[in-house]
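Take a look at the structure below.
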């Protein structure tokens, strides 16, 4: 491009062509740190006596382990099921030695109908 010539100003939300990194490209330090952490975790998992071994951590610090693990479980799952689905509902109160609610164990007393 000849000197003194300017590119048109991009519209809001657009980029000037060829400027900077592509959207979503992590910077090199972030990528390097993630790779180092992943390598350290992998090495710790191979040694069951290593303090950072997850199985060891789960046994020695169960509360902290489940606090972290619970954040990794998806809150919502979208799925399409095909075929038949069968489910059974057990009455937990009877297993705990309590008397079930009137109506066959339904706490609302509706008998499940």
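The values are calculated or read from the model by the stated rules, or taken from the named source; none is laboratory data. Since the structure is predicted, the reported quantities are computational estimates derived from the model, not experimental observations. Positions of Cβ are generated from backbone atoms using ideal geometry, with glycine treated the same way; all protein chains shown enter the neighbour counts.
Here is how the numbers come out for the structure above:
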| quantity | calculated |
| --- | --- |
| Residue list for segment 1-35, filter: within 21 Å of the chain's Cα centre (by Cα) and modelled with pLDDT of 80 or more | 30, 31, 33, 34, 35 |
| When residues of segment 61-78 are limited to those that are loosely packed, with under 10 Cβ neighbours inside 10 Å and in a helix (DSSP H, G or I), the one modelled with the highest pLDDT | 63 |
